[in-house]
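J.: Mind looking over this structure? Questions follow.
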Amino acid sequence: MITCTRPFIFLGLIVPTFFFVSSEASCKSGCDLALASYYVWKGSNLTYISTIFNQQIPEILRYNPNIQSQDSIQTGSRVDVPYSCECLNGDFLGHTFSYTTRKDDTYDKIAKLAFANLTTADWVHRVNIYDPTQIPDDFPINVTINCSCGTRHVSKFYGLFATYPLRPEDNLASVAAETGVPAELLQRYNPGADFGAVAPKMFNRHRVPPLFFFFIFSQILFLNCVEPKCPRTCDLALASYYVWEGTNITFIAEVLSSSRDTIVQYNDLTNADSVIAGTRVNVPFSCDCIEDGGFLGHTFTYSVRSGDTYTTVAETYYSNLTTIAMLEKYNSYAENRIPDNAVLNVTVNCSCGNASVSKDYGLFITYPLQPGENLSSISNSSGISAQLLQEYNPNSNFSSGLVYIPGKDDTGSYRPLKSSSTGRHEDARMGVHISRAHVLMAFQAGISSGAIAGIAVAVLVALILAGFLYFGVYRKKKVKSALLSTSYDESNFVDHKQGFPNFLGVVKLVFELGGSGDNLGKTSGALGGSSGAITGITVDKSVEFSYEELAKATDDFSMANKIGQGGFGAVYYAELRGEKAAIKKMDMQASKEFLAELKVLTHVHHLNLVRLIGYCVEGSLFLVYEYIENGNLSQHLRTGSGREPLPWSTRVQIALDSARGLEYIHEHTVPVYIHRDIKTANILIDKNFRGKVADFGLTKLTEVGSGSLHTRLVGTFGYMPPEYAQYGDVSPKIDVYAFGVVLYELISAKEAIVKTNESITESKGLVGLFEDVFSEPNPRESIIKLVDSRLQDNYPLDSIYKMAQLARACTQELPQLRPSMRSIVVALMTLSSATEDWDVGSFYENTALVNLMSGR
């Protein structure tokens, strides 16, 4: 491991060059981290830079220790912004950011000003579909920046580089002098570069011969050495909650996903029903690695009450354990437009200790400083020396913000720092434990291979017998725990060749868990984002129903109660324990899909995702959901359904709701969930005509930043992007593509596959129909012929056209050119605001008005 006492800078300059486009990839993989050297122009600030790069200000500050105040950065200085360097389409290393256009933006202005010459106008033009003279306002576009992961032929010692646009005064000698790096080494990292070429020469891209393209960049790539961001995680951290007037333990337990009894265990409370304002309460939670190793933290969920703002949530309800900036980053709502009953992601930082400071402390308190507190007072109240506190918080002056303090566990003792951050079961509670060391000892003792084989067979028989005994006594409890466990792949439980549950797989799970299901319900992770994450559940969040109760509620699953039929089972209406419910009955062969839905819906809770109430595993597999009154979006869009046409403003709102649900599973969970079957039939509409994403039976999970996966083809034709239909490549961008098709359906009310000639079996994808319109001389006017005729003239054409443009961006052939769901949410929020004037008011709440407007 290399320790750097100061940054080393290496220049990488790519001059205007023609490259031949061949079928052979120019890169195979990227790297987790690169830096963009942002030249600070007059009027820019850290808030603007963090927005441009979708990066948190504290994370930017980690790479810029010279910045004294985040509120004021010097014009003409540089700010290093971290981002991931990816292999784009197998051709080159880079990263595509999503930028929301502003009024009067041009590609040249975006490249030179917004991105401070980190890209060029020509490069921005080539990765977007808009003509330079017709760039829409308030719309997400792609901005690609090149990067480097190093060159082994030059040196194997440097692996972190930054893209550095040269300024007029820069040259090889000046940069070498500034960084202390020999000019020879800089030149070797940038062979053929002219370090004095700062003004990129503009070329007419249409003059480039076929099969050739060029880059026009002036860049410097430099290395900086940093330690891993998340060297460890830990099962336990403490949040120091400053008690404000009027709060109580019940409320604190609710917002921090704990319980009264648990909080009492960690605090010396004489009366749990009455806590004194101005005191502190320590609340336990798990400390996880958020944003693919970005930082340690845990993301809680908070249900918004009327009148709530980010300020009240951060400073009052979470008692300054989080910040307004954190809330803005991990939620898509504007500060003054947070809807009631929305679910907010609330991220709280934490610490797991530092072995280089001390190994005596392994449990830490996230401690928001109050006015009047300082290093001395904290040392006195905690009993920890001021020197040790300062070493644990080297960048804090203990006047404001968060600090981390060693804390005591529920026994009143300080926990030592664990040598490993991974928790393993060291005991075998069922009395069967054959370790690797025992096997080696057997070989060293000279036992014959036949004897060893005999022992292995005997042990296997013992395991199976123990398994039968185990399942005979505790079957129901363990099956429930196994199904709800998120630490094991569903392939452990399903024999895909035979299509029935894999007994040995479940036995394997039981023994790996040490024979007890008691720990399966504990929360083991958090929500993040993009990102925070929920990685653990509490078992009692989903109720286990008996078969008898479900059969009684559905009149023995009668046809009268049947309300739907899907690919994996029938759906029945029921009323269970005072709540309307929809019960999906699935065959045992659908166990993989059953497990997939359980994994997602017991981990992920969001206003725009259908809610799972419970399950049953007796006889068949049953999932019990909240009942959604108005069916699915497909039913509302198709003529002949007998339903009133959805007004345009309602369609925009449903699109926004669905996008928020998808953004949540893409950006705010670890692992990331990919739905793989987004379509109008899987978007449900509640009584208030708000959208909820449903049917997670085909969901795939992947680690953040892991790129695309290869998998078998599932889903619905018409919604599949090329890379998935042809190669089985899975990434969040396949959901983006399918969502673009849904947007086209909202405009046209046509199906994803459209018959082009009624007399024969010709058909065409909806994407192709809209592409034909976009290729016409005046697409804005031509698009009218694809608009749902039932809307008549009750829609703003500008809104229709902008949604079509967004859908077109979503359905780009190359996944790298599609926007993220976060960018889509921002675009739809803007579109929704602009469409509000077209809202007919309480359209669905006033039947008389509906009838009057319909001429009845």
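Any read-out appearing in this document is the output of simple, stated calculations on the displayed coordinates, not a laboratory observation. These numbers come from a predicted model, not from an experiment. Using ideal geometry, Cβ is built from the backbone for each residue, glycine included, and neighbour counts are taken over all protein chains shown.
J.: Enumerate the amide H contacts of residue 763 below 5 Å, restricted to partners 5 or more residues apart or on another chain; note that Pro and chain-start residues carry no placed amide H.
T.: Amide H to amide H, under 5 Å and 5 or more residues apart or across chains, residue 763 pairs with 756.
J.: While we're here: So if R0 is 22 Å, what FRET efficiency would residue 68 and residue 357 give, r being the distance between their Cβ atoms, rounded to the nearest 0.05?
T.: Details: r = 25 Å, r/R0 = 1.13.
Efficiency, from the Cβ-Cβ distance: 0.30.
J.: Also, quick follow-up: So for the pair residue 84, residue 391, with labels modelled 7 Å out along Cα→Cβ, what separation do we get in nm?
T.: Modelled inter-label distance: 3.6 nm.
J.: Past 25 Å, Cα to Cα: identify those pairs from 679/764; 592/692; 679/785; 28/599, in the order given.
T.: Flagged as over cut-off: 28/599.
J.: Still on this structure: What order do you get for 418, 28 when you list them from fewest to most C-beta neighbours inside 10 Å?
T.: Ascending number of Cβ neighbours within 10 Å: 28, 418.
J.: What order do you get for 577, 676, 78 when you list them from fewest to most C-beta neighbours inside 10 Å?
T.: 577, 78, 676
J.: What does the net charge come to around residue 37 if you take all other residues with beta carbon closer than 13 Å to its beta carbon, with K and R at +1 and D and E at -1?
T.: -1
J.: Work out, step by step, the length gained on full extension between residue 311 and residue 781: first 0.36 nm times the residue separation, then minus their alpha carbon distance; give nm to one decimal.
T.: 164.8 nm
J.: Hey, with R₀ at 22 Å, roughly what FRET efficiency would residue 789 and residue 833 work out to, going by the Cβ-Cβ distance, to 0.05?
T.: About 0.25, to the nearest 0.05.
J.: Once phi is turned into ³J(HN,Hα) by the Karplus curve 6.51 cos²θ - 1.76 cosθ + 1.60 with θ = phi - 60°, what whole-Hz value does each residue of region 47-58 show in order, with x for glycine and proline?
T.: Once rounded to whole Hz, the list reads 4, 5, 5, 5, 5, 4, 9, 6, 10, 5, 4, x.
J.: Using Stokes-Einstein with the Kirkwood hydrodynamic radius over Cα pairs, what translational diffusion coefficient do you get for region 537-626 at 4 °C and a viscosity of 1.567 mPa s, in µm²/s rounded to a whole number? List each step's numbers first, then the result.
T.: Working: Rh = 13.2 Å.
My calculation gives 98 µm²/s for D.
J.: Moving on to the next point. At R0 = 41 Å, how high is the FRET efficiency between residue 61 and residue 769 if r is their beta carbon distance? Nearest 0.05 is fine.
T.: The pair residue 61/residue 769 has a calculated efficiency of 0.25.
J.: Among 550, 565, 615, which residue has its Cα furthest toward the positive end of the charge dipole of region 537-626, with +1 on Lys/Arg Cβ and -1 on Asp/Glu Cβ?
T.: Value computed over the given set: 565.
J.: Would you mind ranking 588, 829 by Cβ crowding within 10 Å, fewest neighbours first?
T.: In order of increasing Cβ crowding within 10 Å: 588, 829.
J.: How far is it, in nm, from the label point at residue 75 to the one at residue 137 when both lie 7 Å from their Cα along the line to the Cβ?
T.: 2.7
J.: Continuing with this model, one more query. Would you mind calculating the gained length between residue 27 and residue 336 on full extension (0.36 nm times residue separation, minus the Cα-Cα distance), in nm to one decimal?
T.: 106.8 nm
J.: So, in nm, how far is label residue 580 from label residue 727 when the simple model puts each one 7 Å beyond its Cα toward the Cβ?
T.: My value for the distance between the label points is 4.6 nm.
J.: Sticking with this one: At 0.36 nm per residue, and after removing the present C-alpha to C-alpha distance, how many nm does the segment from residue 129 to residue 325 gain when stretched out fully?
T.: Length gained, residue 129 through residue 325: 67.3 nm.
J.: Ok, one more. Choose one of 381, 353, 324: the residue whose Cα lies farthest towards the positive end of the charge dipole of region 229-421 (beta-carbon charges +1 Lys, Arg; -1 Asp, Glu; about the Cα centre).
T.: 353
J.: What is the local net charge at residue 626, summed over the other residues whose Cβ is closer than 13 Å to its Cβ (Lys, Arg +1; Asp, Glu -1)?
T.: Once positives and negatives cancel, what remains is +3.
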